[in-house]
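Below: the structure, in structure tokens.
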Amino acid sequence: MMKTKITVGIIAIIVLISSITAFILINQPNVSEDNTSDEGPYEIPELTQNNTTSFIKTINSFTFEFLQQMNQDPQKESNLFISPYSIFTALAMTYEGAKGNTAVEMADVLKIPQDNDSFHNYVDDLYTNLNKNDTYTISTANALWIKDNYPILDSYLSTVESYYHATSQSVDFSNPVEASEIINQWVENHTNGLIKDLVPPEAIDPTLCRLILTNAIYFKGTWKIEFDEANTTKRDFEIKPGDAKETSTMMLLGTEDTFNYTETETVQVLELPYDGDEISMIIALPKDDSDLSTVISSLDETIYDSWIDNLEQREVDIYLPKFKIETPVLNLNDYLQTLGLKDAFGNDADFSGITGNKDLLISDVLHKAYIDVNEEGTEAAAATAVIMELKSINGGGSSRVVFDCDHPFLFMLQHKETGTILFMGTLENSSY
């Protein structure tokens, strides 16, 4: 098992909002009272067919809870960047094969229904939507890497192939170097070469590894209203009070263009759309008397929805740092276990919906992400791998607004039609 890498590297400022939300656990697995906590499992609200709004709220809830766990990590680096969509999708594919208390815990954490037609249709529709290319480039892909001759239930394969559009390939895990090369090449191919070496050979136990599930997502888009490179200048970015760093800052000042904008007592919120107006970046900039950690700790899907609902067109003077973030490979095990996903990582794991036997557990959940924000637009990519092994035998104001990102802020890339957050991060230290 790989050691947990909690170094969430140099910031990524793009949160493509990844959502997939609420739902009802129609076919909830049978779990004995001995396996449930006194409080009982998470009760998934009842949904009507095709109620995508509730799915989005649910997935965004997972997104913000996960961000809070990462932000509380004392060993984290200043800048965070992940794709909640990628993490959620890889875990959701794994959850499709969970049973018993393992399924209950995954329902608590992911807050989605198991074996539910409405959710499956949502996943299918979102995948199709993300892979249609118009005025921007966005794509996502899923894959299963199965040990040679290892039996997987046809019912499980049918689910992940039909709704997640996952491909399946046999791999010889007894040769970890070759196996990692095959998987990493697939990841590179589906992220335009931006995500490399997601699964290192040492993460693959040649005697125990049986299955690896992967998701990859890639985005490249130009701003609907581009920044003029001639206006980019060096300005101070305040990392913390009394500590500033000079950074290349893009500016859009004094134009007649309008942008969606709102503010609360603690934050200014700005939406920057990409060409085609289907993907946008949401930036939440703490006001002078607030700090980023406080904003993140209180953030949930209700607050986020209120930001989005209250956006209105305003003339805005914008100062935005250029930034580029490439995280190291992050091991997400500790974050997920803190959120409540415990059985899945130990010998109590029940993924009998994948093999028909209770022989598998999750050894590692690995994630890597990249983002580059400049005058022309944004390029972002991320990938997630779930490695499964055999169990071991043992507001108001003037008409013009100033939006000056000269201090740490939160950002998200969202799919506007569905509200799904695809990427998310914080910028707390200049990277250009």
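The stretch between D309 and D154, if pulled fully straight at 0.36 nm per residue, gains 51.5 nm over its current Cα-Cα span. For the stretch 413-430, backbone nitrogen atoms closer than 12 Å to the point 7 Å from T266 Cα along Cα-to-C-beta are found at no residue. On a straight-distance basis, which lysines could pair with K220 in a cross-link, Cα separation under 26 angstrom, same-chain partners fewer than 8 positions away excluded? Within reach: K57, K132, K196, K234, K322, K324, K368, K416.
With a cut-off of 12 Å between beta carbons, the residues surrounding E375 carry a summed charge of -4, where Lys and Arg count +1 and Asp and Glu -1.
Were the residues from D275 through D288 laid out at 0.36 nm apart, the gain over their Cα-Cα distance would be 1.5 nm. Among residues other than Y319 with Cβ under 10 Å from its Cβ, the summed charge is -2 (Lys and Arg +1, Asp and Glu -1).
Across the stretch 193-339, the relative contact order, built from alpha-carbon pairs under 8 Å that are at least six residues apart, equals 23 percent. Listed by chain and number, the lysines whose alpha-carbon sits under 21 Å from that of K391, ignoring those within fewer than 8 places in the same chain, are K3, K99, K147, K342, K358.
Cβ-Cβ distance of E256 and E161, R₀ of 45 Å, FRET efficiency by 1/(1 + (r/R0)^6): the value works out to about 0.35. Over the Cα atoms of the chain, the radius of gyration divided by the Kirkwood radius equals 0.98; this is the Rg/Rh ratio.
The helix-only estimate of mean residue ellipticity at 222 nm for the chain, built from DSSP H runs of length n ≥ 4 each weighted as -39500 (n - 2.57), is -7500 deg cm²/dmol after division by the residue total. By the scheme Lys and Arg +1, Asp and Glu -1, what is the net charge of all other residues having a beta-carbon under 13 Å from that of V401? Local net charge: -4. A straight chain from V177 to N129 at 0.36 nm per residue would run longer than the Cα-Cα distance by 13.8 nm. Each of the peptides 359-365, 223-229 was scored by the mean count of other Cβ atoms within 10 Å over its residues; in descending order, highest first, they stand as 359-365, 223-229.
Suppose we keep just the DSSP beta bridges with both residues in the chain; what percent of those would be antiparallel, to 5? Beta bridges within the chain, antiparallel portion: roughly 90 percent.
Principal axis extents of the C-alpha atoms in the stretch 297-400 (largest first, rounded to whole Å): 68, 30, 23. If you take the square roots of the eigenvalues of the alpha-carbon gyration tensor of the stretch 222-299 and sort them as a ≥ b ≥ c, do you get rounded (a/c under 1.5), prolate (a/b over b/c) or oblate? Because a/c hits 1.5 or more and a/b fails to exceed b/c, the stretch 222-299 counts as oblate.
None of the figures in this text is laboratory data; all of them are computed from the coordinates on show. Keep in mind that this is a model prediction, so the values were computed, not measured. When we count neighbours, we look across all protein chains shown, and the Cβ atoms used for this are built from the backbone with ideal geometry, even at glycine.
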